[in-house]
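What follows is one structure encoded as C-alpha cells, with my remarks underneath.
Just so it is clear, none of the values below were taken in a lab; they were calculated from the coordinates. Note that this is a predicted model, so its numbers are computed, not measured. Cβ coordinates were reconstructed from backbone atoms using ideal geometry, including for glycine residues, and neighbour counts include every protein chain displayed.
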Amino acid sequence: MKLILTQEVAGLGHPGDVVTVKDGFGRNFLIPRGKAIAWSLGGEKQITSIRRARKAREIRDVEHAREIKSSLEGAGITVGAKVGSAGRLFGSVTEKDIALAVKAATGIELDRHRIKTNGHIKSLGRHVVKISLASNVSANVAVEVVPA
C-alpha cells in the first residue's frame, strides 16, 4: 500500500514522504491515527504543501540547533492552566501547550513531537522538559506552570 506521511513516524519517514507499507499497517494504524493519507496523483499537491511547512520548521544544521538551544534555555517559558480551588490542574499541560508557549515567548516554532516531558505535567510550579533539536543537540528548558 502506498501512502503519504502527514506526521513523522519513527523508522518509516518524515511528513511528505511517500512510503510503501503492508496493507494492515496502513489501514489499521497509520490512516486512522492521521499519520498518513492514501497516495494518489492528486496527493502530489499535498506533498508539496507538507514539505513546504516542514522546511519552514526545520532546523538548518547543528550550529543553528545550538543557537536555538541557547535561546530556549535562556528564555522564561510560562504556561497558563486552569486550576481548581485546591490548586490542582484541570487536565494536564501537554506538549502542544508547551510548543505554543515557546512560540509566544521566543518566536521559535517547534514541532510538538520534539518535546519530551517526564510524564504528564499535572501540578503548578517549575518543570524541566527536554526538547530534541538535532540528532545530538537537545535543550533542557524550564517551564513554569501558573494559574490562568
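For the chain, the residue among Leu133, Pro147, Ala75 whose Cα projects farthest onto the positive side of the dipole built from Cβ charges is Pro147. Based on the Kirkwood radius over alpha-carbon pairs, what is the Stokes-Einstein translational diffusion coefficient of the stretch 84-124 at 10 °C with 1.306 mPa s viscosity, in µm²/s? Answer, rounded: 141 µm²/s. Cβ crowding within 10 Å, taken as a proxy for footprinting-reagent exposure, orders Val79, Val141 from fewest neighbours to most as Val79, Val141. If you take the alpha carbon atoms of the chain and fit the smallest convex hull around them, that volume is 132 Å³ per residue.
Taking a point 7 Å out from the Cα of Val146 in the direction of its Cβ, the residues of the stretch 83-104 whose backbone N falls within less than 15 Å of it are 83, 101-102, 104.
Suppose a student asked you for the relative contact order of the stretch 62-147, using Cα pairs under 8 Å spaced at least 6 residues apart; what percent would you report? Relative contact order, the stretch 62-147: 36 percent. Sorted fewest first by neighbouring Cβ atoms within 10 angstrom, Phe29, Phe90 come out as Phe90, Phe29. For the stretch 17-104, the equivalent ellipsoid derived from the alpha-carbon gyration tensor has semi-axes of 34, 23, 11 Å in decreasing order.
Across the chain, the relative contact order, built from alpha-carbon pairs under 8 Å that are at least six residues apart, equals 20 percent.
Computed over the stretch 62-147, the range of Cα coordinates on each principal axis works out to 46, 22, 17 Å, biggest value leading. For the chain, the Cβ-based charge dipole about the Cα centre amounts to some 360 debye (Lys, Arg positive; Asp, Glu negative; other atoms uncharged). Placing +1 on each Lys and Arg Cβ and -1 on each Asp and Glu Cβ, with no other charges, gives the stretch 2-57 a dipole about its Cα centre of roughly 180 debye. Arranged from fewest to most other beta-carbon atoms within 10 Å of their beta carbon, Lys96, Lys130 become Lys96, Lys130.
The eigenvalues of the Cα gyration tensor, multiplied by 5 and square-rooted, give the stretch 2-57 an equivalent ellipsoid with semi-axes of 18, 13, 8 Å from largest to smallest. Label-to-label distance, Lys130 versus Ala53, with points set 7 angstrom from Cα along the beta-carbon direction: 2.8 nm.
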